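The values are calculated or read from the model by the stated rules, or taken from the named source; none is laboratory data. From a predicted model like this one, the values you see are computed outputs, not experimental measurements. Positions of Cβ are backbone-derived with ideal geometry, glycine not excepted, and every protein chain shown enters the neighbour counts. Just so you know, the surface numbers come from the protein's heavy atoms only, side chains and all, with ligands and any DNA or RNA stripped out. Shrake-Rupley method; radii C 1.70, N 1.55, O 1.52, S 1.80 Å.
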Amino acid sequence: LSATGLARLRDDPDAFVADLVRPMPRQPSPAARFGTRFHAWVEARFGQQQLLDPDELPGRGDAGIEDDADLRDLIALFEKGPFADRVPHRIEAPFALVVAGQVVRGRIDAVYAEPGPDGDEWLVVDWKTNRTPDSDPWQLALYRLAWAELRGVPLEQVRALFYFVRTGTVVEPPDLPGRADLERVFRAD
């Protein structure tokens with residue numbers, strides 16, 4: 001599952017299972033395609049080469065929905081924001097995490113090393129290019145847990161936040177759930 005798939009399972013298990021049993025075609029998401037182009041630009045900006053072409057990702061081969069003017073505007077906004085000149089430790093860091101017996105796979109948009117009193121601490125950032133600044137904190141919780149486990153560091157040494165590029169807003173949700181909280185939601189009693 002992806003982080004989004006896991007959130008769908010959390011929010012409506014019956015609908016999630018129904019989609020698995022009888023999948024229905026879905027409209028391609030222009031927002032996902034647009035976001036993929038922005039992510040590719042960020043990777044190129046910081047000199048980290050993509051492992052995959054954006055068109056090779058599932059659901060990302062949509063044609064005819066690019067808006068180059070809007071992408072240029074978004075890039076200009078990013079270049080004025082708090083991450084414009086901050087070089088990430090990793091971009092599009094892949095992970096696989098087992099949560100309550102389910103493998104969750106994904107890519108973390110950006111990870112920054114931050115010096116801390118007990119050694120390196122980490123900042124996980126999820127870029128958001130959507131026009132409405134709303135996102136599910138559980139996505140950040142999964143990314144944060146995945147990075148902590150990949151690095152073998154305590155969860156407390158990893159912060160996580162959303163950066164809404166269009167508005168320049170940084171949102172760091174307080175009290176993100178840890179592994180036990182994430183697993184409790186998906187375990188049947």
- [ ] Among the candidates 161, 176, 140, 150, single out the residue that is touching a strand residue (DSSP E or B) at 6+ places or on another chain (Cβ under 9 Å) and open to solvent by 60 Å² or more (accessible area, probe 1.4 Å).
- [x] 150
Task: Filter result for residue 98 (modelled with pLDDT of 90 or more and either among the small types (Gly, Ala, Ser) or closer than 25 Å to residue 45 by Cα (or both)) - done: no
TODO: Collect the residues in the stretch 169-186 that are touching a residue at least 60 places away in the same chain (Cβ under 8 Å) and under 17 Å from the mean Cα position of the chain (by Cα), keeping them in residue-number order.
DONE: 170, 182
Task: Test: residue 168 is surrounded by fewer than 16 Cβ atoms within 10 Å (Cβ to Cβ) and either over 30 Å from residue 72 (Cα atoms) or at pLDDT 95 or above (or both) - done: no
- [ ] Give the residues of the stretch 105-127 that are modelled with pLDDT of 90 or more and open to solvent by less than 30 Å² (accessible area, probe 1.4 Å), sorted by residue number.
- [x] 106, 108, 109, 110, 111, 112, 122, 123, 124, 125, 126, 127
Open item on the list: Tell me whether the stretch 97-113 contains one or more residues that are on the phi < 0 side of the Ramachandran plot and outside any strand (DSSP E or B).
Closed with: no
